[in-house]
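Peer 1: Handing you a structure now.
Coordinate-derived values only; no laboratory data. Please read all numbers here as calculations on a predicted model, not as lab measurements. Here the Cβ is made from the backbone with ideal geometry for all residues, glycine too, and neighbour counts use every protein chain on show.
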Amino acid sequence: GAVVSQHPSWVICKSGTSVKIECRSLDFQATTMFWYRQFPKQSLMLMATSNEGSKATYEQGVEKDKFLINHASLTLSTLTVTSAHPEDSSFYICSARDGGGAGGSRQYFGPGTRLTVT
Amino acid sequence: GDSVTQMEGPVTLSEEAFLTINCTYTATGYPSLFWYVQYPGEGLQLLLKATKADDKGSNKGFEATYRKETTSFHLEKGSVQVSDSAVYFCALSDLNSGGGADGLTFGKGTHLIIQP
């Protein structure tokens, strides 16, 4: 099946620094990728929709200047958390949507990245 | 806005027991409904889905029926196994919600523990 990878799987950074998380579709091309955030014992919250070659669409309440998304190719989207603070500590998960087949398109999820800001 | 409510966990059952995980939703449009499963250390995987009322999604012995009248999509399995231990997420996708196209709205997840 389709595989989506994330790198790094976990990262610890100091407050005020920026962190970049990569999301790659390994064996298919994804015109659309999604970024989610998950707090402990909470559901995944959609942060933004990333479209290859165009600007990301952010959900209400998500700061676009803080969470920079770049979808430069059909297999790679990056999320950069700028000037990170402890409240940004969370589990970030990406998904990639394939082109669809008989059953329609579907999303494939990465394993997630644990960010801890000290 | 759209929302998904599913039963709180953890749910602990013995092997071969019958499983039901309740899921209800609210949506502005006519959503597609999904169950995702997350095994320890792995990413979310689509378990099953249904795109219209009365559709039944099924996979690996799990079933869920799209009930528009009760806005529900309960997950069931007749005989669970230890290997079914995981976190299960109910989700919906509503293209009319005004949010990201095909972006999913998730429930909080239900941790299922199956004991031998």
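Peer 1: What are the ³J(HN,Hα) values, in whole Hz, obtained from phi via the Karplus relation 6.51 cos²θ - 1.76 cosθ + 1.60 with θ = phi - 60°, for each residue of the stretch A:59-72 in sequence order, with x given for Gly and Pro?
Peer 2: Here the 3J(HN,Hα) series is 6, 4, x, 9, 7, 5, 7, 8, 10, 8, 10, 10, 10, 7 Hz.
Peer 1: Counting pairs of alpha carbon atoms under 8 Å apart in space and at least six apart in sequence, what relative contact order in percent does chain A give? Don't skip to the answer; put the middle values down first.
Peer 2: Values: 295 pairs, mean separation 42.5, N = 118.
In percent, rounded to a whole number, it is 36.
Peer 1: Next up: Between A:E52 and B:Q45, what FRET efficiency comes out of the Förster formula 1/(1 + (r/R0)^6) with R0 = 25 Å and r the beta carbon distance, rounded to 0.05? Write down the numbers at each step before the final one.
Peer 2: Details: r = 24 Å, r/R0 = 0.95.
That gives a FRET efficiency of 0.55.
Peer 1: Can you tell which of A:G16, A:G99, A:G61 shows the greatest fluctuation in a Gaussian network model of chain A with Cα springs below 10 Å?
Peer 2: Per the Cα network of chain A with a 10 Å cutoff, A:G61 tops the list.
Peer 1: Of the trypsin sites (Lys or Arg not before Pro) in the stretch B:19-107, which ones lie in a loop per DSSP and count no more than 16 other C-beta atoms within 10 Å? Don't skip to the answer; put the middle values down first.
Peer 2: Numbers: sites: B:K49, B:K52, B:K56, B:K60, B:R67, B:K68, B:K77; in loops: B:K52, B:K60, B:K68.
In loop regions of the stretch B:19-107 (DSSP not H, G, I, E or B), the sparsely surrounded trypsin sites (Lys or Arg not before Pro) are B:K52, B:K60, B:K68.
Peer 1: Take every residue in peptide A:41-48, count the Cβ atoms of other chains within 10 Å of its Cβ, and give the average of those counts.
Peer 2: Shielding by partners across A:41-48 averages 6.
Peer 1: Here is a follow-up. Charges only on Cβ, +1 for Lys and Arg, -1 for Asp and Glu: so what's the dipole of chain A about the Cα centre, in debye to the nearest 20?
Peer 2: Roughly 140 debye, rounded to the nearest 20.
Peer 1: Output ³J(HN,Hα) for the stretch B:8-18: one whole-Hz value per residue in order, computed from phi by the Karplus curve 6.51 cos²θ - 1.76 cosθ + 1.60 with θ = phi - 60°, and x for Gly and Pro.
Peer 2: 6, x, x, 9, 10, 10, 8, 4, 6, 6, 8
Peer 1: How are the alpha carbon pair distances in chain A distributed across 10 Å bins from zero to the largest one, expressed in percent?
Peer 2: 15, 48, 31, 6, 1
Peer 1: Note down the magnitude of the dipole of chain B about its Cα centre, charges +1 on Lys and Arg C-beta and -1 on Asp and Glu C-beta and zero elsewhere, to the nearest 20 debye. Let's see the in-between values first.
Peer 2: On the way: 8 positive and 13 negative charges, 28 e Å.
Roughly 140 debye for chain B.
Peer 1: Write out the cysteines belonging to chain A for which the nearest other cysteine Cβ is not under 4.7 Å, or none if no such cysteine exists.
Peer 2: Within chain A, the cysteines lacking a partner Cβ under 4.7 Å are A:C13.
Peer 1: In the stretch B:26-116, what GluC sites (Glu not before Pro) fall in a loop by DSSP, with at most 10 other Cβ atoms inside 10 Å?
Peer 2: On the way: sites: B:E42, B:E63, B:E69, B:E76; in loops: B:E42, B:E69.
The qualifying sites are B:E69.
Peer 1: Counting only other chains, and only Cβ atoms inside 10 Å, what mean value do you get across the residues of B:42-48?
Peer 2: Working: counts 3, 12, 11, 3, 5, 0, 0.
That works out to 5 on average.
Peer 1: Just report the Cα centroid separation between the stretch B:31-85 and the stretch A:61-117, whole Å.
Peer 2: The stretch B:31-85 and the stretch A:61-117 have Cα centres spaced 24 Å from each other.
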